Amino acid sequence: MSFDLKTSIYILLGGMIGAAVAGLIILIIYFFSSFKKQKAYRDKMLKRLDTADLMLRENMTMDALSIYNELMLNMPKEVEPELYAHMKQSEGNCYYTLSLAQDKPENLIKAINSYEEALRYGNYQKKPGDYLSIQGQLGDAYLKISEFQKKEEFLAKSIRSFNEVLRLFTSDTDPVNYALVQYKLGLSYKALAESQKNEDNLRNAINAFNESLKIYNIETYPVNYAETQNNLGALFLIAAEVGDREDNLTMALNAFSSALKIYTIGRYNAEFAAAQKNIGNTYSLLSFIQRTDEVFINAINAFYEALKVYSIEAYPEEYGEIQNSVGTICREFSKLSAKGDNLRKALAAFEEALKTCTFEENPAKYAALQHSMGDTCFMLSESDESEDILEKCIRAYQETLKVKTLNTDPSDFAAIQHRLGNAYRNISRHKEKEDNLNRAAEAYKEALKVYTADDYPSDHREVYLSLEKIRRTIS
């Protein structure tokens, strides 16, 4: 049989083509099979993701977080950047939710890291709403973490985030979200103003709250209205420290009074009491400018309104604080009107405040209250030299001196010893004359350890002359 080259070539080519076709078919089958596997895996992953999202909405936070973490272990972020961004945002939501109940700083930092990572991978030109959603969540997290660390740094970040969100929301297009973001922006500026008391922060905070009040009116959003007014009142109190004192105090009163249109006793007891306490404090500050009976009476009445809620049993700390404020304002009022009555009211208030404080638990606070008691009794003894008042005065000053010592508080120590000496001299007219005069002399000698002729010439002379009178009387 002869060799046919042409036929051989055809056979060879046919074999090669057949092999190529077969190979191509196998390759197609392989890629199709791989595609099907990848699609099946992706579908399975998306179902798991839907499950996690549902769990998060149903407050099954830990279960949802576990699925997100599992999915992201096998998620190539460069291949599926938007899916990855969605998972990071959802992970951030989980950590933020957890921060509300446990390990606040730790979980807030994790939430922030997740949100910031999400912003790096999402295509937010196509989905600006998703971008602003993350910025809003970041703003919330920054605002909360500022309570624990790097306050000013995180507050600046929260302000940037909320301003980003306000690029989308306006009072016309989305009034509810606009008001909410303006309110949160106000909170951020307010917190910054509390640490940086400058006019820019105060003005920005006030402007933001006023913007929110364009939506949060008293008829439609009464609770939001009251919360915003209460925050405005607090801001005006801060502003009174750096700006026009009288005008800002007046605006603070207006804001707190507006909040009380909603915060009524019986419905919002805690908020009612807090607002009344703020009004009392504001009138107390105003009393140094407007020395009228009305201002003092309004302050006292507001404190008494707060005490309708702040009972000693339920709120011992607040009860003691307000009783101290009542004592202070009544004592100041005594310089203007009804001296004896107001001093007795002050004395009763300080005695109530002392029921909530002991030397062992809080020596500084205890000493401050005893000091106020002593001073009130001393003032009252100028018109009422009864033995009872003088004994209370002496006991109060002695208790104060357990904390106010020569080494720790020389100025207060000397002033108290001076008044203690005077109290002993006065009570010597009622009983134990020589013993009490000797006690007075010892107190004056203690005062003179601070009141030297060079440093305190006037006080030195007054105490020295009192001591000399005692020496001449005894001798």
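The values are calculated or read from the model by the stated rules, or taken from the named source; none is laboratory data. Given the structure is predicted, the values throughout are model-derived calculations rather than measurements. Note: ideal-geometry Cβ built from the backbone for every residue, glycine included; neighbour counts use all protein chains shown.
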Could you please give the count of residues in the stretch 360-385 that are in contact (Cβ under 8 Å) with a residue 40 or more places away in the chain and polar (S, T, N, Q)? 4
Given the criterion outside any loop (DSSP other than H, G, I, E, B), over 30 Å from Gln137 (Cα atoms) and either within 20 Å of the chain's Cα centre (by Cα) or touching a residue at least 60 places away in the same chain (Cβ under 8 Å) (or both), identify the matching residue among Ala193, Ala252. Ala252
In the stretch 396-451, what residues are surrounded by 15 or more Cβ atoms within 10 Å (Cβ to Cβ), small (Gly, Ala, Ser) and not in a loop (DSSP other than H, G, I, E, B)? Ala396, Ala414, Ala415, Gly421, Ala423, Ala440, Ala441, Ala443, Ala447
Scanning for something modelled with pLDDT under 90 and not charged (D, E, K, R), does the stretch 172-179 turn up at least one residue? yes
Can you work out which of the residues in the stretch 184-212 that are touching a Phe, Trp or Tyr at 6+ places or on another chain (Cβ under 7 Å) and surrounded by fewer than 22 Cβ atoms within 10 Å (Cβ to Cβ) is nearest to Ile262 (Cα to Cα)? Lys184
State whether the residues of the stretch 395-405 include one that is acidic (Asp, Glu), touching a residue at least 40 places away in the same chain (Cβ under 8 Å), under 22 Å from Met379 (Cα atoms) and touching a helix residue (DSSP H, G or I) at 6+ places or on another chain (Cβ under 7 Å). yes
How many residues of the stretch 422-435 are in contact with a Leu (Cβ under 8 Å, 6 or more places away or on another chain) and either closer than 22 Å to Leu369 by Cβ or of a type outside the set (Gly, Ala, Ser) (or both)? The answer is 6
Note on Tyr283: of the conditions (1) touching a Phe, Trp or Tyr at 6+ places or on another chain (Cβ under 9 Å); (2) closer than 25 Å to Asp384 by Cα, unmet is (2)
In the stretch 379-395, what count of residues is obtained for those that are outside any helix (DSSP H, G or I) and of a type outside the set (S, T, N, Q)? 3
